[in-house]
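Visitor: There's a structure below that I have some questions on.
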Amino acid sequence: MKIAFVGKGGSGKTTLSSLFIRHLAAAGAPVVAVDADINQHLGAALGLADAQAAALPAMGERLPLIKDYLRGTNPRIASTQTMIKTTPPGEGSRVLRVCEHNPVYDACARPVELDGGTVRLMVTGPFTESDLGVACYHSKTGAVELFLNHLVDGPDEYVVVDMTAGSDSFASGMFTRFDITFLVAEPTRKGVSVYRQYQEYARDFGVVLKVVGNKVQGQDDLDFLRAEVGDDLLVTVGHSDWVRSMEKGRPSRFELLEDANHLALRRLRTAVDATYELRDWERYTRQMAHFHLKNARSWGNERTGADLAAQIDPGFVLGESVSAPGSNSPLMPTA
């Protein structure tokens, strides 16, 4: 199951995504965590020291390796130089699974030990001073989009992505790559403004959107969020002494998180698991083609010198039954 956490800067989305990752790990579920935010804080939120977080391999810097592996023997892709962030899989492409060993994980993922389990952590890499004026952050998140486009995940497997703040996710088709999107909103006008943007942009794409109210301090805050987002409000979270200690670098055992917050996390997982029955791999594949064609026409064809529309395999549908040719990597233990 693929889950996105979004929200405006400072809403607490990274904190809540890290709590949800801890919750899944404590339950023994296999998890791949991805930091796709321009501000790379998920590693620290999962307990890594600054030096450990800084040493994580950046997906954006390993894009040639990612493309080369995913391309496989797909005859529609002439070379990795013609692959862009929206390139979809087709016959001959390699797919990725949550519980396996493969060169992409070897290069880009690192294990993070949490209470009760281990998760794989992947990061886009920070937007650095050398990028100013010459690079777009979406060139870094393009590695994440390719990863998601070629990912085949099943029930009780989780890929949790901490997205970049605000509505920047709509600069590509990545916002359609998830089974469910949790929008973290504070009980303020600014806090719900990103919700309105997501609701409007995602309306035509079947995006499952639920709001997590954060920093809710009383009935007035709750009433405000209910009035603004209606039935999309799934759960609310208030002050947490456990989180405050974690942010000071002194986390206690995760089981000591407040009962109300444990309950909120269980409700998030219930909502995630319920979306499995809503999966439509044909629609998912069509959306990949839709955004690939848009990117091809707007900039991809000119940049690569190729007709990228030809990369779309009309007879291919991504799904759990798809297998990658020549892939015999052993599965990673799930517990």
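The values are calculated or read from the model by the stated rules, or taken from the named source; none is laboratory data. Values in this document were obtained by computation on a predicted structure and should not be read as measured data. Positions of Cβ are generated from backbone atoms using ideal geometry, with glycine treated the same way; all protein chains shown enter the neighbour counts. For accessibility, only protein heavy atoms count, side chains too; no ligands or nucleic acids. Shrake-Rupley method; radii C 1.70, N 1.55, O 1.52, S 1.80 Å.
Visitor: Quick one: net charge of ARG303's neighbours, Cβ under 13 Å, K/R +1, D/E -1?
Guide: Working: positive: LYS85, ARG297; negative: GLU302, ASP307.
Local charge sum for ARG303: 0.
Visitor: Here is a further query. Residue by residue through region 158-163, what is 3J(HN,Hα) from phi via Karplus (6.51 cos²θ - 1.76 cosθ + 1.60, θ = phi - 60°)? Round to whole Hz and write x for glycine and proline.
Guide: So the J values, rounded to whole Hz, are 9, 10, 10, 10, 8, 7.
Visitor: Now, a different point. Just the number, please: carbon plus sulfur as a percent of the accessible area of the chain, 1.4 Å probe, no ligands or DNA/RNA counted.
Guide: Numbers: 7320 of 14900 Å².
Exposed carbon and sulfur together represent 49 percent of the surface.
Visitor: With angles folded into 0 to 90 degrees, how steeply does helix 13-26 sit against the dominant principal axis of the chain? Use alpha carbons for both and round to 10.
Guide: So the inclination is approximately 90 degrees.
Visitor: Okay, moving on. Please work out how much length the chain gains when fully extended from ARG110 to ALA227, using 0.36 nm per residue of separation minus the C-alpha to C-alpha distance, in nm with one decimal. Spell out each step's value before the answer.
Guide: Details: separation 117, 0.36 × 117 = 42.12 nm, distance 4.20 nm.
Here the segment from ARG110 to ALA227 would lengthen by 37.9 nm.
Visitor: For the chain, what's the relative contact order in percent, using C-alpha pairs closer than 8 Å and at least 6 residues apart?
Guide: Working: 585 pairs, mean separation 94.4, N = 335.
Once divided by the residue count of the chain, the mean separation gives 28 percent.
Visitor: Tell me, what ³J(HN,Hα) does each residue in region 281-298 have, in order and in whole Hz, if you take phi through Karplus 6.51 cos²θ - 1.76 cosθ + 1.60 with θ = phi - 60° and put x for Gly and Pro?
Guide: With the stated coefficients, region 281-298 comes to 5, 5, 5, 4, 5, 4, 5, 4, 5, 4, 6, 5, 5, 4, 5, 4, 5, 7 Hz.
Visitor: Go through region 223-238 residue by residue and turn each phi into a ³J(HN,Hα) via Karplus (6.51, -1.76, 1.60, θ = phi - 60°); whole Hz please, and just put x for glycine and proline.
Guide: Values per residue, Gly and Pro as x: 4, 4, 5, 4, 5, 7, 10, x, 5, 6, 6, 8, 7, 10, 10, x Hz.
Visitor: Run the numbers for ALA274 and ASN301: contour at 0.36 nm per residue of separation, minus the present Cα-Cα distance, in nm. Can you show the working numbers first?
Guide: On the way: separation 27, 0.36 × 27 = 9.72 nm, distance 3.92 nm.
Taking 0.36 nm per residue and subtracting the Cα distance, the gain is 5.8 nm.
Visitor: Of the options THR275, GLY92, ASN214, report the single residue whose Cα projects farthest towards the positive end of the charge dipole of the chain (beta-carbon charges: Lys, Arg +1; Asp, Glu -1).
Guide: GLY92
Visitor: With a Förster radius of 30 Å, plug the Cβ-Cβ distance of ALA309 and ALA49 into 1/(1 + (r/R0)^6) and report the FRET value to the nearest 0.05.
Guide: 0.05
Visitor: Between region 15-69 and region 182-201, what is the C-alpha centre distance in whole Å?
Guide: 24 Å
Visitor: With angles folded into 0 to 90 degrees, how steeply does helix 259-274 sit against the dominant principal axis of the chain? Use alpha carbons for both and round to 10.
Guide: Taking the Cα atoms of the chain, the angle to 259-274 is about 30 degrees.
Visitor: While we're on this one: Amide H of THR236 versus every other amide H placed in the peptide plane: which residues, excluding those fewer than 5 positions away on the same chain, fall under 5 Å?
Guide: GLY213
Visitor: VAL34's amide H: which non-local residues (gap 5+, or another chain) put their own amide H closer than 5 Å, with H modeled 1.01 Å from N in plane and none for Pro or chain starts?
Guide: MET122, VAL160, VAL161, ASP162
Visitor: Tell me the per residue accessible area of the chain using a 1.4 Å probe; a whole number in Å² is fine. List each step's numbers first, then the result.
Guide: Numbers: 14900 Å² over 335 residues.
On a per-residue basis, the chain sits at 44 Å².
Visitor: Just the ratio, please: alpha-carbon radius of gyration of the chain over 2.2 N^0.38 Å, N its number of residues.
Guide: Details: Rg = 19.4 Å, N = 335, 2.2 N^0.38 = 20.0 Å.
The chain yields a ratio of 0.97.
Visitor: Need one number: % antiparallel among DSSP beta bridges in the chain, to the nearest 5. Don't skip to the end; give the middle numbers.
Guide: Details: 6 of 35 bridges.
Of the beta bridges lying entirely in the chain, close to 15 percent run antiparallel.
Visitor: FRET efficiency for LYS248 and ASP220, Cβ-Cβ distance as r, R0 = 30 Å, nearest 0.05?
Guide: Numbers: r = 29 Å, r/R0 = 0.97.
Computed FRET efficiency for LYS248 and ASP220 comes out at 0.55.
Visitor: LYS13: which lysines have alpha carbons under 24 Å from its alpha carbon, excluding same-chain residues fewer than 8 sequence positions away?
Guide: List returned: LYS2, LYS140, LYS190, LYS210, LYS215, LYS248.
Visitor: Still on this structure: Give me the net charge of SER18's neighbourhood, meaning all other residues with Cβ under 13 Å from the Cβ of SER18; Lys, Arg count +1, Asp, Glu -1.
Guide: On the way: positive: LYS13, ARG22; negative: ASP35, ASP37, ASP115, ASP162, GLU247.
So the surrounding residues net to -3.
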